[in-house]
Amino acid sequence: MGIEAQGGQKTAGANTVAPATGKLGVMVVGLGAVATTFIAGVEAVRRGLAKPIGSLTQMGTIRLGKRTDNQSPLIKDFVPLADLKDIVFTGWDLFEDNVYESAAHAQVLEKGLLDQLKPYLETIKPLPAVFDQYYVKRLHGTHVKTGKNKRDLANQVIADIQAFKKTVDRVVIIWCASTEIFITPSAVHQSIEAFEKGLDNNDIGISPSQIYAYAALSEGVPFANGAPNLTVDTPAMVELSKKNAAPICGKDFKTGQTMMKTVLAPAFKARMLGVSGWFSTNILGNRDGEVLDDPESFKTKEESKLGSLDYIFQPELYPDLYKDLYHKIRINYYPPRGDQKEAWDNIDIFGWLGYPMQIKVNFLCRDSILAAPIALDLVLFMDLAKRTPSLRSIGIQEWLSFYLKAPQSAPGLYPEHDLFIQSMKLKNTLRHIMGADLITHLGLEYYD
Ligand SMILES: NC(=O)c1ccc[n+]([C@@H]2O[C@H](COP(=O)([O-])OP(=O)(O)OC[C@H]3O[C@@H](n4cnc5c(N)ncnc54)[C@H](O)[C@@H]3O)[C@@H](O)[C@H]2O)c1
């Protein structure tokens, strides 16, 4: 008989996840709005100045056993996560601004808070970046590495990682840098060998984000990707990730409009309501908005944002409801709003006998405020994956799809976009690695 807290699926788990002892080094690629809001936020929480709202690892609980057991510890007390006080930050950027200066420029956090954190934030100064304007047209930076080819640049990033490793116990890298131009996977992305040849030959298909990712994975360091760039979504990087036990996950933080989409669309599908059109538009005035104003970077973002509805609605299974869905996404650069994005969705749905209805969603959000806790959770969970024998060598951590607009999954497997399926998958993965019963929500045992 099925039970809500399902037994018989325990793993050896509990004693095999290595503890989070010592310092966790976090290397952030790109010290812009999201990264500085993340770093300053962690420091504010460490000092007791604010709460880590939006972070599942810091505020979330996990139910264990039956509903009648009343056992719901904090996630951070259930799985061995690094403590915030043990995180050490560094990063790369093509501008020389330290984290205080960059945060002040981004204008996300109030000056009063930033000034309290200034002595600490000023100490985090970027390493020179791997950058090429061909891949991000709207940026011009001078704090940039030079080398004889892409292999040389990768080796310089590897040297940065090795030097940082000497000062901490473990390292995770997270991409919080800009959206690159759209790159279609080509021959150079099909194997480690082809990729390494491409580094030697300066293959145009290898962008800076791929160079950082190659360096991270070569060093056995987990790599999370907050932007929609191709980066690790290639057979070569999956192979390298598995080979060196360096976890990867999908791409592009799932923050505002797409988060809402992956909540609303599953509700329509669960109730068998049809959708004929979904128009999404945004105004955004930060540097990310400026980069996305370039059509080639926008294309990368658009592809990442478009995927979710098709996968959730499964028009091949429900042609009467979703096969004619018209999905359109616009992002408009509008400087007066800065980081305070405004998003509008018009959803044309239809119900019983085909009668049409409309839903309007107007989300006035703060982009980096939504992204910062996701960056924190990804870093902590990727570090956990690296310390977990059953996770570290599988490559893609599909259980972290919860955080990402474009989840990555095994070849031939469609990705799960539904936020609630993703949430269940994440929590069951935590139960699984700790040897606890999985929860199926069947619940018949309460009525025996
Ligand atoms: N904030 C959100 O809600 C959200 C959601 C999903 C994805 N993202 C993505 O997160 C990324 C960061 O967003 P942001 O608002 O902080 O942008 P931002 O422009 O403020 O910061 C990006 C930083 O990356 C640096 N950079 C660019 N290329 C680099 C390279 N090759 N090496 C090192 N540094 C480099 C830039 O100089 C800049 O300082 C963007 O790609 C954005 O699309 C943000």
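Worth pointing out:
- GNM result for the chain, Cα springs below 10 Å: residue of Val379, Val79, Val34 fluctuating most strongly: Val79
- The chain, helix-only ellipticity at 222 nm - DSSP H runs n ≥ 4, -39,500 (n - 2.57), divided by all residues, nearest 500: -11000 deg cm²/dmol
- Apportionment of accessible area to carbon and sulfur, the range 162-257, percent (1.4 Å): 50
- Which listed pairs, of Lys85/Lys425; Lys85/Lys125; Lys85/Lys165; Lys76/Lys427, have C-alpha distances above 22 Å, in listed order: Lys85/Lys425
- Fully extended contour minus Cα-Cα distance, from Lys137 to Tyr120, at 0.36 nm per residue: 2.9 nm
- Once the Cβ-Cβ distance of Asn70 and Lys148 is raised to the sixth power relative to R0 = 45 Å, the FRET efficiency obtained is 0.10.
- Whole-percent carbon and sulfur share, accessible surface of the range 78-159, 1.4 Å: 51
- About the centre of its Cα atoms, the range 105-254 shows a dipole size close to 180 debye [charges on the beta carbon of Lys, Arg (+1) and Asp, Glu (-1) only; nearest 20 debye].
- Peptides 348-355, 286-293, 181-188 ranked from most to least packed, by the mean per-residue count of other Cβ atoms within 10 Å: 286-293, 181-188, 348-355.
- When only the Cβ of Lys, Arg, Asp and Glu is charged (+1, +1, -1, -1), the dipole of the chain relative to its Cα centre reaches about 680 debye.
- Under the simplified labelling scheme, the Ala187-Glu290 pair shows an inter-label distance of 3.9 nm, with each label point 7 Å from Cα along Cα→Cβ.
- Close amide H partners of Gly91, meaning residues 5 or more places away or on another chain with modelled amide H under 5 Å apart, are Val28, Leu127.
- Across the accessible surface of the range 322-440, with the other protein chains kept in place and a 1.4 Å probe, carbon and sulfur atoms take up 59 percent.
- Heavy-atom accessible area with a 1.4 Å probe sorts His441, His432, largest first, into His441, His432.
- For the chain, the per residue solvent-accessible surface stands at 43 Å², with DNA, RNA and ligands left out and a 1.4 Å probe.
- Assigned charges on the beta-carbon of Lys, Arg, Asp, Glu; the range 326-448 dipole about Cα centre (debye): 460
- Placing unit charges on each Cβ (+1 for Lys and Arg, -1 for Asp and Glu) gives the chain a dipole about its Cα centre, and among Asn98, Leu306, Gly198 the Cα reaching farthest toward its positive end belongs to Asn98.
- A simple packing score, the average count of other Cβ atoms within 10 Å per residue, orders the peptides 173-179, 387-393, 63-69 as 173-179, 387-393, 63-69, with the highest score first.
- Legend: calculated FRET efficiency, Thr21 to Gln162, from the Cβ-Cβ distance at R0 = 22 Å, rounded to 0.05, equals 0.60.
- Gyration tensor (alpha-carbon) shape descriptor, the chain, a/c threshold 1.5: rounded
- Virtual spin-label span in nm between Leu49 and Ala410, 7 Å along Cα→Cβ: 4.6
- Straight-line cross-link partners of Lys166 among the aspartates and glutamates, defined as a Cα under 20 Å from its Cα and at least 8 positions apart when in the same chain: Asp83, Asp86, Glu219, Asp383.
- Each of Phe420, Asn362, Pro373 was scored by the projection of its Cα onto the charge dipole of the range 361-448, and the greatest displacement toward the positive side belongs to Pro373; charges sit on the C-beta of Lys, Arg, Asp and Glu.
- 20 Å cut-off, amide nitrogen to a point 7 angstrom out along Glu445 Cα→Cβ, residues in the range 53-84: 62-73
- Solvent-accessible surface (1.4 angstrom probe) belonging to Lys111, in square angstrom, nearest 10: 140
- Potential lengthening between Leu438 and Gln358 on full extension [0.36 nm per residue; Cα-Cα distance subtracted]: 24.9 nm
The values are calculated or read from the model by the stated rules, or taken from the named source; none is laboratory data. For clarity, every value in this text was computed on a predicted model and none was experimentally measured. Virtual Cβ from ideal backbone geometry, glycine too; neighbours counted across all protein chains shown. Accessible surface areas use protein heavy atoms only, side chains included; no ligands, DNA or RNA. Shrake-Rupley method; radii C 1.70, N 1.55, O 1.52, S 1.80 Å.
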